[in-house]
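Take a look at the structure set out below.
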């Protein structure tokens, strides 16, 4: 009886142990097979860090492939606070090189972050400054590649191209309008550190950046240069406050050149007023073409055979209603009955409007 009781207990023990082993094996199997990717990603995120590598913006070129906006490579300063042993000494050395406030630099080095970008003092450094920082050889102080926008023609086509900010984001002109396409995808250098932020002796992983899309314009740079030279001459000759010019292909409507004065240097836009850099006058400064456009609408109507200058007549009462708006002729009471040749000679507004209506039918 006693023997049977012990035997039964041993069975229970073995059964419990077997169940525990099955559960443990099942858990290990689940972790290794089903949850491996998720748990591996979570674990890696705890001890992996990334140094950013900026992507190049897509270039902007003219109709013949001439580069109007491109990129130059600069370097920027980033720090990993946990890897810097002597923060006060490092802050002193960096602030001396960058010619910035010591307390501000110390604040950067003391932040409780995994990676700190020193902004704006450490952004887009020149070669000489970057060499001085690199020569310090201080753990936790890194120089990373950064792309800076560059306009080879300086102030040429500046309002059309626009400009970008320090983070390479489009702020005006085509740079802003097509920012989504011009902006590339940043890369990184991934390194590994322990829980205290100290770098581990593991191989770094390089993820290459992807450049933005190249944007090709209908602009002809040689025609653009000629137009801008003429604007400068006109401005100087007549002492004008502003000037605008647009050159278009009459067959396709493509804009071949567009310029205005005053203009600015897109490489140095910070030194200009917002009124200058944010107003593309050929688009912003709109005005009614008035009588100068009557010839265009009437000429197109004649060319299409919709009006005969000599035979067709128009009676001008001095008033015409267009889309609910009442428009008047410059002559009180109108010009009365007249041929369309007389409409042109008299610069008759209502007669010109009818030419516009007929011309619009051609376009439709």
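Key figures
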{"read-out": "Residue 161 under 30 Å from residue 277 (Cα atoms) and touching a residue at least 24 places away in the same chain (Cβ under 8 Å)", "value": "yes"}
{"read-out": "Test result for residue 174, touching a residue at least 60 places away in the same chain (Cβ under 8 Å) and either assigned to a loop (DSSP other than H, G, I, E, B) or touching a helix residue (DSSP H, G or I) at 6+ places or on another chain (Cβ under 8 Å) (or both)", "value": "yes"}
{"read-out": "Filtered residue count, the range 149-178, keeping only those that are farther than 22 Å from residue 255 by Cα and buried (at least 20 other Cβ atoms within 10 Å of the Cβ)", "value": "3"}
{"read-out": "Residue in the range 58-74 that is farther than 30 Å from residue 215 by Cα and outside any helix (DSSP H, G or I) present", "value": "no"}
{"read-out": "Single residue of the range 103-118 satisfying the filter (assigned to a loop (DSSP other than H, G, I, E, B) and in contact with a strand residue (DSSP E or B) (Cβ under 8 Å, 6 or more places away or on another chain)) that is surrounded by the fewest Cβ atoms within 10 Å (Cβ to Cβ)", "value": "114"}
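Residues are listed down the side, and each one gets a yes or a no for (1) touching a helix residue (DSSP H, G or I) at 6+ places or on another chain (Cβ under 9 Å); (2) under 30 Å from residue 114 (Cα atoms); (3) modelled with pLDDT under 95:
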site: 196; (1), (2), (3): yes, yes, yes
site: 226; (1), (2), (3): no, no, no
site: 234; (1), (2), (3): no, no, yes
site: 242; (1), (2), (3): yes, no, yes
site: 260; (1), (2), (3): yes, no, yes
site: 265; (1), (2), (3): yes, no, no
site: 268; (1), (2), (3): no, no, yes
site: 283; (1), (2), (3): yes, no, yes
site: 286; (1), (2), (3): no, no, yes
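The values are calculated or read from the model by the stated rules, or taken from the named source; none is laboratory data. Since this is a predicted model, take the numbers as computed values, not measurements. Note that we place each Cβ from the backbone using ideal geometry, even for glycine, and neighbour counts take in every protein chain shown.
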